[in-house]
Amino acid sequence: MSTPQLLKRSLIYYWRTNIAVVLGVAVAIAVLAGALLVGDSVRGSLRDLMVKRLGATSFTVTLPGFFREQLAADIQTDSQFRSNDLSHVCPLIQLEGTITHESSKRLATSIKVYGVDDRFWRFNFIERRAPENRNVY
């Protein structure tokens, strides 16, 4: 018996098993292709969310304490800062806080409290002014 005849008889004899293998491979390919498409979509959605939250942010400088306020002006006038196509600096303070609803006395803990001035709104191209007289948004 020649090799082509053996191959043909084997395929005919094990046709049920062969169909199961082909269907299994087809399902696996469909699952992998779907995962790649969904993964790409999720990656794009996460990137869009990050850009939306960070705005025009390229770099952040953090410290457990506080920086001196003049540091923002020093960075903005630095020649290396300008040479990297960076144009604005936005200083802000981020703290963790607790808030109580005045009438219901409900408490929310571990909230992020941001202290910003007018530079924050200009940095994010938002036409709004910082609240005055110790008011908050």
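Of ASP40, ASP74, ASP48, all but one fail to be in the same structural domain as TRP121 (by TED's automatic domain parsing) and surrounded by 10 or more Cβ atoms within 10 Å (Cβ to Cβ); the exception is ASP74. Screening LEU54 on (1) aliphatic (A, V, I, L, M); (2) in contact (Cβ under 8 Å) with a residue 40 or more places away in the chain; (3) in contact with a Ser or Thr (Cβ under 9 Å, 6 or more places away or on another chain) shows it passes everything except condition (2).
Residues in region 87-122 that are assigned to a loop (DSSP other than H, G, I, E, B) and hydroxyl-bearing (Ser, Thr, Tyr) were compared, and the one that is nearest to the chain's Cα centre (by Cα) is SER87.
The values are calculated or read from the model by the stated rules, or taken from the named source; none is laboratory data. Owing to the predicted nature of the structure, the values given are computational and were not obtained by experimental measurement. Don't worry about glycine lacking a Cβ; one is built from the backbone with ideal geometry, like all the others, and counts go over all protein chains shown.
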